[in-house]
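Worksheet for the structure shown next.
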Amino acid sequence: MRPLPVHNPPNPFHGQEVEYLLEDGVEPPAHGMQLYEDSSKSILSKNDSPDVGMRWSVNPYRGCYHGCAYCYARPSHQYLGFGAGSDFERRVVYKPQAGALLRAAFEARGWQGEAVLFSGNTDCYQPIEASLRLTRECLEVCGEYRNPFHIITKAPLIERDLDLLLEIAKHTSVGVTVSVPFWDPAVARCIEPGVATPQRRVRTIQRLAAAGLDVSVNVAPLIPGLADRDLVRILEACRAAGARRAGMILVRLPGEVKQVFVERLERELPQRAGKVLARIREARGGELNDPRFGSRMRGEGPYADMIWNVFRSTCARLGFDQGVETDQPERPSSFRRPTDRGGQLRLFG
């Protein structure tokens, strides 16, 4: 990706903002990738949303080079003093002590070995992971403690860690979900500029599943008027590749995400923008976002119902289990501390 022009919606936590006064046709200054160390003292984030199937998540990174216009995590970058637009895509914050922090969390007396999610905020396999290897470091800690986990990613980089995932899966629950919200690579590139093509992601599903991992596909987010026509084709391709479960989330555009998404859509796909925004409003009670638990992931109204009916009937025809593994009931944990006296005997206490 070329360096993006600096453009961010106003940060509501700032009393001032910068606006570039430029002549017509002149872009604001561009900036490339910038990395910032995160000195957080903890690595586990607790989730209390009833819409998410796991209570704990691990986020080695904040901000994401994938640059997906719809990303719900964009407003979280504003808490760091950055913007939700190009700052989110180019100013990436990383936690250099991620592995040590996770080990400390597992050593805490109150930790009972619940499954953890990689990641609840931004993709743990975004490009910088190839160099920093923080996600792999955290997975190694999960392996040491036999703590179950689930990974959600769009990135084929996860294939690098196939050896580690297979080794850990001998002792605890390991699940992977690959997000595939588009089928047309040209449309995907407009909305998800830093991500591999949908077809490449399907090959990742195939390689992980063929190796014996439990793999799901998440058609997330499904954008009405833009990718709903691809829903059946995505599910068929991912099922043929070996995915066992399928999930879907209707696009939601909280906070400043609305502005980022609308501007990207109107710039990259101007002839389709009006239809897409009208369809989203049709499925969101006339708005571009619905923050209510229960409906924010699903939408409502006849058009949303039609999409969900197509999803459910297609899953039934293809033999998918519906709902990705993060939505499945908790299983008895294999967790054990290698530092405990008596080793695994503590599990029978």
Non-local residues with an amide H under 5 Å from the amide H of Val116, with H modelled 1.01 Å from N and Pro and chain starts lacking one, are Phe149, His150
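On a full-extension model of 0.36 nm per residue, what is the gain between Gln322 and Arg200, subtracting their alpha-carbon distance, rounded to one decimal in nm?
On the way: separation 122, 0.36 × 122 = 43.92 nm, distance 2.30 nm.
So the extension gain works out to 41.6 nm.
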Quickly rank 91-99, 116-124 as a protection proxy: mean count of other C-beta atoms within 10 Å, highest first. 116-124, 91-99
Work out which GluC sites (Glu not before Pro) in the chain are exposed loop sites (DSSP not H, G, I, E or B, at most 13 other Cβ within 10 Å) and give the longest gap free of them. 24-286
Considering the options Gln97, Leu318, Gly83, tell which one lies farthest towards the positive end of the dipole of the chain, charges being +1 on Lys and Arg and -1 on Asp and Glu at the Cβ, about the Cα centre. Leu318
Suppose every K and R has +1 on its Cβ and every D and E has -1 on its Cβ; what is the size of the dipole of the chain about the Cα centre, in Debye to the nearest 20? 960 debye
Take Ser295, Ser49, Ser57 and order them by how many other Cβ atoms sit within 10 Å, fewest up front. Ser49, Ser295, Ser57
Peptide ranges 307-313, 74-80 listed from the most packed, as the mean C-beta count within 10 angstrom indicates: 74-80, 307-313
Return the distance in nm (one decimal) between the two label points of a simple spin-label model at Arg292 and His171, each offset 7 Å from Cα along Cα→Cβ. 4.7 nm
Using helices alone, what [θ] at 222 nm do you get for the chain, with -39,500 (n - 2.57) per DSSP H run of 4 or more residues, divided over all residues and rounded to the nearest 500? -9500 deg cm²/dmol
Per 0.36 nm of contour for each residue apart, how much would the distance between Arg281 and Lys41 grow if the chain were fully extended, relative to their Cα-Cα spacing? 82.3 nm
Dipole-positive endmost among Phe149, Ile234, Cys68 within the chain (Cβ charges, Cα centre): Phe149
Picking from Gln259, Pro12, Ser57, whose Cα lies most toward the positive end of the charge dipole for the chain (charges on Cβ: Lys, Arg +1; Asp, Glu -1)? Ser57
Please turn the phi angles of the range 104-114 into ³J(HN,Hα) values with the Karplus equation 6.51 cos²θ - 1.76 cosθ + 1.60 (θ = phi - 60°), one per residue in order, whole Hz, x for glycine and proline. 5, 5, 6, 7, 4, 4, x, 6, 10, x, 5
Compute the Rg to Rh ratio over the chain from the alpha carbon atoms, using the Kirkwood formula for Rh, and round to two decimal places. 0.97
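What order do you get for Val232, Val219 when you list them from fewest to most C-beta neighbours inside 10 Å?
Values: Val232 16, Val219 24.
Ordered by Cβ neighbours within 10 Å, fewest first: Val232, Val219.
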Given a Förster distance of 45 Å, the FRET efficiency implied by the Cβ-Cβ spacing of Ser333 and Asp184, rounded to the nearest 0.05, works out to 0.60
With +1 at each Lys and Arg Cβ and -1 at each Asp and Glu Cβ, the charge dipole magnitude of the range 147-306 around its Cα centre, to the nearest 20 debye, comes out at 140 debye
Note the count of lysine pairs whose C-alpha atoms are less than 25 angstrom apart in the chain, limited to pairs 8 or more residues apart or on different chains. 7
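Give me Phe320, Phe261 ranked fewest to most by other Cβ atoms within 10 Å of their Cβ, as a rough exposure proxy.
The order, fewest Cβ neighbours first, is Phe320, Phe261.
Read-outs: derived from the displayed coordinates by stated rules, not from any lab. Since we're looking at a predicted model, the values are computed, not measured. As a convention, Cβ positions derive from the backbone with ideal geometry for all residues, glycine included, and neighbour counts pool all protein chains shown.
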